[in-house]
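Chemist: Can you keep this structure in mind? I'll have questions shortly.
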Amino acid sequence: MGRSIVRLKDIADKTGFSTNTVSLALRHSPRIPQQTRDLIQRAAAELNYLPNQIAKSLVSRETKTIGLVLTDINNPTLTHTAQAIEIALAERGYGTLFATSNNTLSEEVRAIELFRSRQVDGMLIYPTSHRQLDHIRPLRRANYPVVLLVGDPDAGIDAVCIDERRGAYKATRHLIDVGHRKIGFLDSANPLGNSEKLQGYQQALQEAGIDFDADFWVDPHGHTAAKGYWAMDTLMSGKKRPTAMFAANDSLAIGALRWCLTHHMRVPDDVAIVGFDNIEFAEYASVPLSSVNYAVEVVTRMAVDRLMRLISAGDTLPEPRVTQIDPDLVIRESTRGQR
C-alpha cells in the first residue's frame, strides 16, 4: 500500500485549530500569532506533512519546475552546466527535471513530451541537431517558454550559447599562427547536421590560403576519449600525417593525446593538439591542453535569466533572441610552435 497523505485537516485535528488557521500558519501569515504558528508548524513536522504542489499549481498555473534536456550526461561540460543551471534555478525557487536524449532526435522529442505532461513552467534544451527543430518551434509559437543552449540565429527560438564557429576558427587560426599547415580535425557532429565547428575550421584554413583536405577530417563516431584515441589512430595511419590536430571537444583531444604518448610522439613537438570546452582535465592532462573555453557560468546566468523573462511574460512572449558568446582560447603546452 502507498504511504498515506497528511492533509491540512490532520494537522487541524492534532492541534485543535481550524484548517484555515493551519493553512495560514504554514504560509507564515502574520495574521496568525507567532506562538500559534510555531505550534502548528511543529505538528506539521511531526506528521511529515508536505505541501500539495499539484493543488498549488492548479491555482497558480505554475509548477515551479523547469525541464532540462541534455544530449549526453557523460559530457563533462554538459554535466557542469546542468549543475550550474540547477543551482541558479534553485536560487529562484525552481526545481529542475533532467532528461538525456543520448544524441537521438526521437529520444529528445520523447523527453520534451514528458516534460510537457509534467507541466513544467519552461524548458532549457541542448538540441541533438541544431537545424532539426520542427518539434520545438510549435512550443515557441504557442508562447511556451523555451531557451536553447545551442543556437541557430534563424531558428525563431530563444537561445543562449557559445559561438562554436568562432571558437573553432580561433583554435585553427592559433595552430596556423604557430606554424602548422597540415591540421587534422576530429569531429562527430556533422552527421547530426551540426556543422558550426567544421565551418570555423574551414574558414581559418581558407583565410590562410590552405586547401581543405578531407583526409585530415575524421569522424570519431562518438565524443569520448576512447573514440578520440581510435580516431587519432585513423588520422595518423593515412598517407599524409598532420603536424597538428583540432578536436571538437576535450575528451576527444585527451584520447588523441593518449595515442601520441602510446606511440612515442611528442606533443607539441611532433603533433600539436587543441581541444574545445576547456574542461578541468584539459589543464591537468599529462601535457596540459590548449582549449576553447566554454564559459559555463556566463551561459548559465544568461540562459536562466532569459527563461525567467519568458516565464514572467505570460501569454505574450517577446520576440525570440539569440545570444552567441564569443569564446576565449586558453593556450597551454600542447600547442607550442614547432622546433
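The values are calculated or read from the model by the stated rules, or taken from the named source; none is laboratory data. Keep in mind the model is a prediction, meaning the values are calculated, not measured. For neighbour counting, all protein chains shown are included, and Cβ atoms are generated from backbone atoms with ideal geometry for every residue, glycine included.
Chemist: Would you check which residues across segment 302-321 are in a loop (DSSP other than H, G, I, E, B) and either basic (Lys, Arg) or surrounded by 15 or more Cβ atoms within 10 Å (Cβ to Cβ) (or both) and list them?
Modeler: Selection gives Leu317, Pro320, Arg321.
Chemist: Just checking, how many residues over segment 128-160 are assigned to a loop (DSSP other than H, G, I, E, B) and within 17 Å of Leu310 (Cβ to Cβ)?
Modeler: 12
Chemist: On the given criteria, is Ala84 at pLDDT 95 or above, in a helix (DSSP H, G or I) and in the same structural domain as Phe246 (by TED's automatic domain parsing)?
Modeler: No.
Chemist: If you don't mind, another one. I'd like to check which helices (runs of 4 or more DSSP H) are fully inside segment 172-282 and have at least 1 residues that are over 24 Å from Pro327 (Cβ atoms).
Modeler: By residue number, 225-236, 250-262.
Chemist: Can you confirm whether segment 105-125 contains a residue that is over 20 Å from Met308 (Cα atoms) and part of a loop (DSSP other than H, G, I, E, B)?
Modeler: no
Chemist: Further, regarding this structure: Do we have Ala159 as touching a residue at least 12 places away in the same chain (Cβ under 8 Å) and either in the same structural domain as Gly275 (by TED's automatic domain parsing) or under 17 Å from the mean Cα position of the chain (by Cα) (or both) here?
Modeler: Here the answer is yes, as Ala159 does meet what is asked.
Chemist: Filter segment 298-339 down to residues that are among the acidic types (Asp, Glu) and modelled with pLDDT under 95, then give me how many there are.
Modeler: Summing the residues that are among the acidic types (Asp, Glu) and modelled with pLDDT under 95 in segment 298-339 gives 2.
Chemist: Is it fair to say Gly179 is on the phi > 0 side of the Ramachandran plot and modelled with pLDDT under 90?
Modeler: Answer is no for this residue.
Chemist: Still on this structure, please answer the following. Determine if segment 39-57 includes at least one residue that is of a type in the set (Gly, Ala, Ser), part of a loop (DSSP other than H, G, I, E, B) and either farther than 30 Å from Ala82 by Cβ or at pLDDT 80 or above (or both).
Modeler: Scanning segment 39-57, I find no residue that is of a type in the set (Gly, Ala, Ser), part of a loop (DSSP other than H, G, I, E, B) and either farther than 30 Å from Ala82 by Cβ or at pLDDT 80 or above (or both), so the answer is no.
Chemist: Okay, moving on. Looking at Asp213, Asp270, which is the one that is touching a Cys at 6+ places or on another chain (Cβ under 8 Å), closer than 23 Å to Asp177 by Cβ, touching a residue at least 24 places away in the same chain (Cβ under 8 Å) and not β-branched (Val, Ile, Thr)?
Modeler: After applying the criteria, what remains is Asp270.
Chemist: Name the single residue, out of those in segment 108-133 being at pLDDT below 90 and charged (D, E, K, R), that is nearest to Gly95 (Cα to Cα).
Modeler: So the residue we want is Arg118.
Chemist: If we keep just the residues of segment 173-194 that are of a type outside the set (A, V, I, L, M) and crowded, with 17+ Cβ neighbours inside 10 Å, which is nearest to Pro127 (Cα to Cα)?
Modeler: Looking at the filtered set, the residue picked out is Asn194.
Chemist: In addition: Is it the case, given these coordinates, that Val109 is out of contact with any helix residue (DSSP H, G or I) (no Cβ under 7 Å at 6 or more places or on another chain) and at negative phi?
Modeler: Yes: the conditions hold for Val109.
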